[in-house]
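Notes follow once the structure below has been shown.
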Amino acid sequence: MKFQQSQEMRNLIAAIFVGIFSYFIIKALTDFDIVPGVSYIYNLRGPLIAPNMITVILFDWRGYDTLGEAFILITAVLTTGILFGRGVLGGDVSEKDSTPIRPSTIVQKVFAAPLVFIIVAFGVVITLGGHITPGGGFQGGSVIATAFFLSVVVYGFKKNVFNLSHNSLETLEGVGALIYLCLGLVGLGLSGYYLYNVGADLYPYLGVGDTATRLFSYPDSTNAGIIPYLNIGIALKVLSGFCTIITVLWGAEKK
Amino acid sequence: MNSELIPLMVIFPLISAILLNLMHGKDKVVRAYGILAMLVVLVVPIFASYGNHLFGAHPVVDTLPQLKISLSEVNLAIEYNFAFLQKALVFLLAAIATFAVLSHISNEKKVSGVYLSMIMLSIAAVSAVVMANDIFNMFVFLEIMTIAQAAIVIAVGGVSGYKAAFKYLVFGGVAGASILLGIALLLGTFGVLNISDLHNSLSGNMTNPIVLTAVGLIVIGWLFESGLFPFHTIKSNMYSAAKPDIAALLQTQTKIVLVALAIVLLRLFGGYSNMTAVMLGLSVGTLIIGSVMALLQTDFRRLLAFTAVSQAGLVGIGIGLGTRLGIAAGIFHAINDAIAMSLLFITVYFIYERAKTTEFKRLGGLLVQAPKLAFIQIIGILIVSGVPPFNAYQSEFRIIDATIQAGHPELGVLVILGTILTFVALMKGFYLTFLKENTTKIALGKVHIYNGLPTVTYVTLIILVIACVGIGLFPMPFYDRAYSVALKILVGW
Amino acid sequence: MDNLYDYLHEKFKALGGTQIGSGLSAEFILLAFFPLVLIALLRGVNDTIAIVLALLFIVAVVFSAPFVVKVSKENTDHYNIAAFYVAIVMGIVMFIMLGGI
Amino acid sequence: MNGSEVQFWSFVTAALLMIIGIYAIIFMDNIIKKIIGVMLIGDGVNLVLITEGFKPGGIVPIISEKLYNQSPGIFQEFADQASYSLPFALVLTNIVIGASTLAVLLGITIKLYQHYNSLSVHEIFKEEKI
């Protein structure tokens, strides 16, 4: 805080109160006795759905939280768009595209493209195997977004490997979120409970039909139901969300 | 009891938000879909039946010894509660949001799909916060609400909006982290996130220092979300930087979240008197400072912004008393005041739209040009100041009654002082806008438009006045429900 | 009385554009506010002490008037003002919750 | 260090991260430093959650084929060994929240910098008097 000279005292007062706050935080955290709680039940029942407990919690037990999380990202992406003129009141303002064009060296140009493909493949593997191995939609999506950023840095926004325009990124993001929302609606329609994991059949008494179960079965040892599909939706959303933020902030005009 | 319509109150606005964003640019489609979506948003809470909704169909299960929880059974997943209070709050939110959306659609030449989608996101977030019976889910949606509100302010453009949003997001980050740390401490100590389960585990545990730390942290978050004392300048800056018709929505959301979070706090830690003391003290400070600051403003929007903040303090006083009468009166006042302040914000919206300014030194003499508007605004001022036939009177009277019943008559005097100050401030605004001689001739150019108010917004104002009078004449159905909620909070859910 | 009015007028200039009427009303409410809060806080201890202290407080406050200017300076939209009070409230809330009042 | 010591020092680190963050938000003058402060607080909370999920001597909460085949239907052994998995899922949510807030704040910073040509809070809020 830069107060005027006469108010230098304020820094001291604020520091004292922050000190009091810090003391209580440290005190609370240093004598902390942890209880497993419902995590134990999640670990006990979770393997019936899919091997990776964290994915099971994210997309099944607490799948609704993940929906909220996805929408935070969407909100942030739209807000960043608003900041740079898309959708402000009184008509859109399109700023000059001032993407810095920096000549890449030959080594960068030669090696970036294959690296991008490898990274994308890695991201896809992480996404599709999210319920078996460590990983999932968020991680896979952000790995693919890294590849996008690499290609933008090396080849420029116009000529990047992905060839995605701003509009198609927006559409992709919307599609990703709609996949999530609609898979939740399937559960609502069939069983009466939103985001019911159709296909995993944890609760057979709900009487969800055979067809739905077969529709959402996924070729692996356990039957994860809709979790892999939710993963794909989230991956699309995170990928396009991060890419949009990157392009918007990257293209901000320098003054 | 399972009701399929409960999640739709959140899911449908979310779907609409995505669709509106995708439609951005196609003007007619956005208009049509916006109106349609608002109709659905308005209708769903009316038809949804009371009950709980278990997400993912995960039921209550028996506990095991390895859990080290003293409960006999725990909820496995996220749960939504939907009862009369939730219905009233969600419907109120939907109604005010409908007015905001309709005023945007009918008064703007170019409709912004992104802007409407932000409004939808904030509706969904606040509805989720109201209904959630899961503390972490509540936190997630509070964050969505924070960013969406910042976006609504940013969309106005201009550097003052950016500054307001910057402060809002930085301190929102602090408050959000504070709430999450509180949740983490509770999760580590009790191992559950469901509020009913936490309530059961917490009973008799209120001397645990870690729990008390969590209480403090969540109370700090509550102060931010409801715009009470240290955060009142941030909130009022947000209200005054937004367009006035959206500021009506923002302050409604603030009051709804105030009530929702306060109910959670009281349910979880209701037995802890220091917490209610903190809530009460900071609310009193907000009431007085808010109304004093309102009196000192030179801009109508900022005046209303500080009035809205001080009225939130009034709601906080009711809830902070921690007695049945106080909580009931606080909840009742939150609903009444959200309606009344929206009315005032929308009248100022007209002045802002036509004169392109709300600074007092450039306004004046509008009574001749806009008699209808002046009449409606004076009614709004009377409502907010707690004049008998209207709804705010019923709740302010009950708050004062509750302070005396709770043994704090001084607080009753303070409430009266704050109300008087609010009245003086609002009348000052009315005088400077409508009665004082216009010296600058700024607003005279398009003056005749004042008489032909846009139909949609005119109807809006009429509906709001009717609502105020209706609740004012027949308060008992609402107050009784609020009282039963207060009883439930104190005795057991 | 003219002098007092001029004095206050001079003081309220710092508020920038506010009418002197509104400044005065706010001032009187603030004068009523502080002793009332003091009474509310101290009444639990002893009624007599509360009233005596409140009266003393009124005298002190009257001599340090006008208060409005200070209050309005402490409630601007500046970031640092908000940060200062947030720091103080964070400390106080934690202290009250854990240390007891 | 044994398990519980790791946990203890992890909590201390988390608390320090949060305190540094609060310090940055309140006392630093540069906007970017304030934003870093917000992120540090978020990371501190994340570390608290991760440490809550930590179980001394526990395994990763991903069931192996061996454990899966050992006990069909009831996974008692796995649940006894695995770390507490709920906090990890919450952390993932909070990371995305932090990233979103960061994106918006950085965007606002760019805009403010374009207008004021400065990152100092003192400069940017000059119009509002203290």
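The values are calculated or read from the model by the stated rules, or taken from the named source; none is laboratory data. Keep in mind that this is a model prediction, so the values were computed, not measured. All Cβ positions, glycine included, derive from the backbone under ideal geometry; neighbour counts span all protein chains shown.
From A:118, A:101, A:144, which residue is at pLDDT 90 or above, on the phi < 0 side of the Ramachandran plot and more than 19 Å from the chain's Cα centre (by Cα)?
Exactly one residue qualifies, and that residue is A:118.
I want to confirm something. Restricting to segment B:203-240 and keeping residues that are closer than 24 Å to residue B:70 by Cα and of a type in the set (Ser, Thr, Tyr), which single residue is surrounded by the most Cβ atoms within 10 Å (Cβ to Cβ)?
Out of the qualifying residues, it is B:213.
Answer yes or no: is there a residue in segment A:167-175 that is farther than 24 Å from residue A:53 by Cα and touching a Gly at 6+ places or on another chain (Cβ under 7 Å).
yes
Of all residues being more than 8 Å from chain A (Cβ to nearest Cβ) and not aromatic (Phe, Trp, Tyr) in segment C:74-88, which is surrounded by the fewest Cβ atoms within 10 Å (Cβ to Cβ)? Just the residue, please. Working first, answer last.
Within segment C:74-88, the subset more than 8 Å from chain A (Cβ to nearest Cβ) is C:74-79, C:81-82, C:85-86.
Adding the requirement that they be not aromatic (Phe, Trp, Tyr) leaves C:74-78, C:81-82, C:86.
Values: C:74: 15, C:75: 20, C:76: 18, C:77: 21, C:78: 25, C:81: 22, C:82: 23, C:86: 27.
Checking each candidate, the answer is C:74.
Step by step: first the residues of segment B:395-440, then only those that are away from chain C (no Cβ under 13 Å) and at pLDDT below 90, then the one that is nearest to residue B:295 (Cα to Cα). Which residue is that?
The residue in question is B:433.
Take the residues of segment D:48-90 that are more than 25 Å from the chain's Cα centre (by Cα) and among the β-branched types (Val, Ile, Thr): which is farthest from the other protein chains (Cβ to nearest Cβ)?
D:74
Take the residues of segment C:17-36 that are at the interface with chain B (Cβ under 7 Å from one of its Cβ atoms) and under 13 Å from residue B:418 (Cα atoms): which is surrounded by the most Cβ atoms within 10 Å (Cβ to Cβ)?
The qualifying residue surrounded by the most Cβ atoms within 10 Å (Cβ to Cβ) is C:26.
Got at least one residue in segment D:26-34 being touching a residue at least 12 places away in the same chain (Cβ under 8 Å), in a loop (DSSP other than H, G, I, E, B) and touching a Leu at 6+ places or on another chain (Cβ under 9 Å)?
Yes - at least one qualifying residue is present in segment D:26-34.
Tell me the residue from B:211, B:192, B:174 that is part of a helix (DSSP H, G or I) and at the interface with another protein chain (Cβ under 7 Å from one of its Cβ atoms), please.
Of the residues listed, the single one that is part of a helix (DSSP H, G or I) and at the interface with another protein chain (Cβ under 7 Å from one of its Cβ atoms) is B:174.
Do the conditions hold for residue B:163, that is, is it basic (Lys, Arg) and either surrounded by fewer than 24 Cβ atoms within 10 Å (Cβ to Cβ) or not in a helix (DSSP H, G or I) (or both)?
Details: basic (Lys, Arg): yes; either surrounded by fewer than 24 Cβ atoms within 10 Å (Cβ to Cβ) or not in a helix (DSSP H, G or I) (or both): no.
When the stated conditions are applied, residue B:163 does not pass them.
Which fully enclosed strands (runs of 3 or more DSSP E) of segment B:6-109 have 3 or more residues being free of Cβ contacts under 8 Å to residues at least 24 places away in the same chain and more than 28 Å from residue B:339 (Cα to Cα)?
Details: elements: B:51-54, B:60-62, B:73-75, B:79-82.
By residue number, B:60-62.
Considering (1) crowded, with 23+ Cβ neighbours inside 10 Å; (2) more than 10 Å from chain A (Cβ to nearest Cβ); (3) out of contact with any Ser or Thr (no Cβ under 8 Å at 6 or more places or on another chain), say which one residue D:38 fails and leave the rest.
Checking residue D:38 against (1) crowded, with 23+ Cβ neighbours inside 10 Å; (2) more than 10 Å from chain A (Cβ to nearest Cβ); (3) out of contact with any Ser or Thr (no Cβ under 8 Å at 6 or more places or on another chain), the one that fails is (3).
The conditions are (1) more than 30 Å from residue B:303 (Cα to Cα); (2) more than 9 Å from chain B (Cβ to nearest Cβ), and residue C:43 fails exactly one of them. Which is it?
The one condition residue C:43 does not meet is (2).
Sort through B:169, B:198, B:185 and tell me the only one that's among the hydrophobic types (A, V, I, L, M, F, W, C), within 8 Å of chain A (Cβ to nearest Cβ) and touching a residue at least 12 places away in the same chain (Cβ under 8 Å).
Going through B:169, B:198, B:185 in turn, the sole match is B:185.
For residue B:386, only one of the following conditions fails: (1) within 14 Å of chain C (Cβ to nearest Cβ); (2) at positive phi; (3) buried (at least 24 other Cβ atoms within 10 Å of the Cβ). What is its number?
(1)
When you check residue B:105 against the structure, is it under 29 Å from residue B:336 (Cβ atoms), out of contact with any Ser or Thr (no Cβ under 6 Å at 6 or more places or on another chain), surrounded by fewer than 21 Cβ atoms within 10 Å (Cβ to Cβ) and at pLDDT 90 or above, yes or no?
Criteria not met by residue B:105.
Is it the case, given these coordinates, that residue C:89 is assigned to a helix (DSSP H, G or I), over 20 Å from residue D:122 (Cβ atoms) and in contact (Cβ under 8 Å) with a residue 40 or more places away in the chain?
So residue C:89 fails the test.
Given D:2, D:30, which one is closer than 18 Å to residue A:34 by Cα, surrounded by fewer than 19 Cβ atoms within 10 Å (Cβ to Cβ) and either away from chain B (no Cβ under 12 Å) or touching a strand residue (DSSP E or B) at 6+ places or on another chain (Cβ under 6 Å) (or both)?
D:2
Among helices (runs of 4 or more DSSP H) lying entirely in segment A:8-99, which contain 1 or more residues that are of a type in the set (A, V, I, L, M, F, W, C) and touching an Asp or Glu at 6+ places or on another chain (Cβ under 9 Å)?
Of the helices (runs of 4 or more DSSP H) lying wholly inside segment A:8-99, those with at least 1 residues that are of a type in the set (A, V, I, L, M, F, W, C) and touching an Asp or Glu at 6+ places or on another chain (Cβ under 9 Å) span A:38-45, A:63-83.
Using the structure shown, decide if residue D:68 is assigned to a loop (DSSP other than H, G, I, E, B) and more than 30 Å from residue D:122 (Cα to Cα). Steps first, answer last, please.
Numbers: assigned to a loop (DSSP other than H, G, I, E, B): no; more than 30 Å from residue D:122 (Cα to Cα): yes.
So residue D:68 does not fit the description; no.
State all residues of segment B:407-440 that are among the charged types (D, E, K, R) and not in a helix (DSSP H, G or I); if no residue qualifies, say none.
Once the filter is applied, which keeps residues that are among the charged types (D, E, K, R) and not in a helix (DSSP H, G or I), segment B:407-440 yields B:436, B:437.
Residues of segment D:75-112 being under 19 Å from residue B:170 (Cα atoms) and touching a Lys or Arg at 6+ places or on another chain (Cβ under 8 Å), which ones?
The answer is D:112, and nothing else.
Checking the conditions here, which among D:95, D:108 is in a helix (DSSP H, G or I) and at the interface with chain A (Cβ under 7 Å from one of its Cβ atoms)? Spell out the reasoning first.
On the way: D:95 fails: at the interface with chain A (Cβ under 7 Å from one of its Cβ atoms).
Going through D:95, D:108 in turn, the sole match is D:108.
Under 6 Å between Cβ atoms, at least 6 apart or on separate chains: pull out the pairs that start in segment A:41-66 with a residue that is in contact (Cβ under 8 Å) with a residue 24 or more places away in the chain and more than 7 Å from every other protein chain (Cβ to nearest Cβ) and end on any residue that is surrounded by fewer than 24 Cβ atoms within 10 Å (Cβ to Cβ) and of a type outside the set (A, V, I, L, M, F, W, C).
Partner pairs satisfying both residue conditions: A:50/A:222.
So which residues in segment D:8-27 are in contact with a helix residue (DSSP H, G or I) (Cβ under 6 Å, 6 or more places away or on another chain) and more than 7 Å from every other protein chain (Cβ to nearest Cβ), if there are any at all?
D:10, D:17, D:20, D:21, D:24, listed by residue number.
Only one residue in B:252, B:233 is touching an Asp or Glu at 6+ places or on another chain (Cβ under 8 Å), part of a helix (DSSP H, G or I) and hydroxyl-bearing (Ser, Thr, Tyr), so which one is that? Show your work before the answer.
On the way: B:252 fails: touching an Asp or Glu at 6+ places or on another chain (Cβ under 8 Å).
Criteria check complete, one pass: B:233.
Looking at residue D:79 and the list (1) under 20 Å from residue D:9 (Cβ atoms); (2) touching a Leu at 6+ places or on another chain (Cβ under 7 Å); (3) among the small types (Gly, Ala, Ser), which single condition is not satisfied?
Checking residue D:79 against (1) under 20 Å from residue D:9 (Cβ atoms); (2) touching a Leu at 6+ places or on another chain (Cβ under 7 Å); (3) among the small types (Gly, Ala, Ser), the one that fails is (1).
Quick one: residue D:121 ticks every box in (1) touching a His at 6+ places or on another chain (Cβ under 9 Å); (2) without any contact (Cβ under 8 Å) to a residue 24 or more places away in the chain bar one, so which box is it?
(2)
Restricting attention to segment A:101-123, report how many residues are of a type in the set (S, T, N, Q) and in a helix (DSSP H, G or I). Show your work before the answer.
Filtering segment A:101-123 down to residues of a type in the set (S, T, N, Q) leaves A:104-105, A:108.
Now drop any that are not in a helix (DSSP H, G or I), which leaves A:108.
Residues in segment A:101-123 being of a type in the set (S, T, N, Q) and in a helix (DSSP H, G or I): 1 in total.
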